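Here's the structure we're looking at; comments come further down.
The values are calculated or read from the model by the stated rules, or taken from the named source; none is laboratory data. Remember, predicted model here, so these are calculated numbers, not experimental data. Positions of Cβ are backbone-derived with ideal geometry, glycine not excepted, and every protein chain shown enters the neighbour counts. Please note that ligands, DNA and RNA were not included when accessible areas were found on the heavy atoms of the full protein model with its side chains. Shrake-Rupley method; radii C 1.70, N 1.55, O 1.52, S 1.80 Å.
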Amino acid sequence: MAKNLDWANLPFGYMETNKSFVSNWKDGAWDEGTLTSDHTITMSECAGVLQYAQTCFEGLKAYTTKDGKIVTFRPDLNADRMKDSCERLEMPVFPKDRWIKAVLDTIKANIDWVPPYGSGATLYVRPYMFGSSSVIGVKPADEYQFRILVTPVGPYFKGGVKPIVVRLSDLDRAAPHGTGDIKAGLNYAMSLYNIVDAHKKGFAENMYTDPATHTYIEETGGANILFVTKDGKLVTPKSNSILPSITRRSLIQVAKDYLHIEVEERKVHKDELKDFVEVGLCGTAAVISPIGQIDDHGTKINVPAGMEKIGPVLGKLRDTLTGIQMGTEKAPDGWIYEIK
């Protein structure tokens, strides 16, 4: 029986649901895994995750489409990205086929929590892994736990898509040749001080430059960046320390194949910011968040698309991708997984 929640006013927050998935790695192998209604974790006070931040995560969503199907979007790419994260953090990889099945099974076990079509809400799916055995010397843990939790979340933009104000940051999100290109928990811990400071000063996000030279635009604390040029090209920054966003990759393909927009993936110098006509952030939560103004140490760069609404190119991109996700646009083969 579907839950009777005020879907349109749900926060982007955690709510305990029916089941979570859990599997443990011990003695060199994963157990078969299970769905559990126990949403607590018990582990050693000296667990690797607590001592040395050995943890990574993913984020994706389940939706109700226009024709009433429950679906999720490209979980195979999340599985691939988590594999990269695990390998970099010396953690065991949960097999891809089992990973996808566990995501689908967890959504199915919580089917009553998937918001209805048209509500703007979605079921957020959070797979994650951590070192669970005790570690006192600096080394990888010997045992790991892989879990998947789900929680219903409300519309990212309540009252419509409104452009935000961001600032260029003096601090770094990642190090050169570091962990910026994987979804490690420690990357997000690094950004917390800076995002709190940005919010205190009236900015929605920090726009980070490359950590080596502070010359090229990279991404924000939690999203990749999109630019639109005066002649209508879509430009995305290219760097080895940017997290490869699945939403960005999908938007690039939509731009090329659906909207026939020319796309450039290249280094973007910060001096170019004043020349772009549309700017936005992209990620799982909002798909695209338009930027209306960038503050460069007191110099305000007003994006021509303005502060009133999303610009025409990014707006069309956002509408097309959400249409694919919600079943009103035909999806490329393999993008949509139905929960049956």
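Per residue, the chain exposes 46 Å² of solvent-accessible protein surface, assessed with a 1.4 angstrom probe and all protein chains in place. Computed 3J(HN,Hα) for the range 13-19, one whole-Hz value per residue from the Karplus formula 6.51 cos²θ - 1.76 cosθ + 1.60 where θ = phi - 60°, is x, 8, 9, 5, 10, 5, 9, glycine and proline marked x. Rolled with a 1.4 Å probe across the full set of protein chains, the surface gives W30 an accessible area near 40 Å².
Measuring nothing but how far apart in sequence close Cα pairs (under 8 Å, 6+ apart) lie, relative to its length, the range 197-276 scores a relative contact order of 29 percent. For the range 232-340, the residue among I336, G298, L317 whose Cα projects farthest onto the positive side of the dipole built from Cβ charges is I336.
Rolling a 1.4 angstrom probe over the range 155-252 with all protein chains present gives an accessible area of which 56% lies on carbon and sulfur atoms.
What pairs in K158/K183; K61/K83; K200/K238; K101/K139; K19/K69 have C-alpha atoms more than 22 Å from each other?
As for pairs spanning more than 22 Å Cα to Cα, those are K158/K183; K200/K238; K101/K139.
Specify whether the C-alpha gyration tensor of the range 1-129 places it in the rounded, prolate or oblate class, a ≥ b ≥ c being the square roots of the eigenvalues: rounded for a/c under 1.5, otherwise prolate if a/b is larger than b/c and oblate if not. Cα axes put the range 1-129 in the prolate bin. Database remark: amide H of T209 closer than 5 angstrom to the amide H of S169, E218 (H placed geometrically; neighbours at sequence offset of 5 or more, or on other chains; Pro and chain starts carry no H). The range 97-147 and the range 267-340 have Cα centres separated by 27 Å. In sequence order, the range 55-61 has phi-based couplings of 7, 9, 8, 9, x, 8, 9 Hz under the Karplus curve 6.51 cos²θ - 1.76 cosθ + 1.60, θ = phi - 60°, and Gly or Pro positions carry x.
For the range 12-112, the relative contact order is 25 percent, taking Cα pairs closer than 8 Å that sit 6 or more residues apart in sequence and dividing their mean separation by the residue count.
Of the complete DSSP H runs in the chain, those spanning 18 angstrom or more by Cα along the long axis with a mean Kyte-Doolittle score not below 0.0 are 185-200, 312-326. Residue-wise HN-Hα couplings along the range 148-165, as the Karplus relation 6.51 cos²θ - 1.76 cosθ + 1.60 with θ = phi - 60° gives them from phi, are 9, 10, 10, 8, x, 10, x, x, 4, 9, 8, x, x, 7, 10, x, 10, 10 Hz; Gly and Pro carry x. Partner aspartates and glutamates whose Cα lies under 12 Å from the Cα of K26, excluding those fewer than 8 positions away in the same chain, are identified as D142, E143.
For the chain, relative contact order (Cα pairs under 8 Å, six or more residues apart, normalised by length) works out to 19 percent.
In a reduced charge model with +1 at each Lys and Arg Cβ and -1 at each Asp and Glu Cβ, the range 80-193 shows a dipole moment near 380 debye about its Cα centre. Residues whose amide H lies under 5 Å from that of S133, counting only those 5 or more places away or on a different chain, are G48, D142, E143; hydrogens are built 1.01 Å from N in the peptide plane. The amide H of E329, built 1.01 Å from its N in the peptide plane, has I324 as neighbours under 5 Å, considering only residues 5 or more places off or on other chains.
What aspartates and glutamates could a cross-link reach from K340, if we take a straight Cα to Cα line under 19 Å and drop same-chain neighbours fewer than 8 places away? Those aspartates and glutamates meeting the cut-off are D67, D76, D97, D105, D112. Computed about the Cα centre, the dipole magnitude for the chain is approximately 700 debye when only Lys and Arg (+1) and Asp and Glu (-1) carry charge, each at its Cβ.
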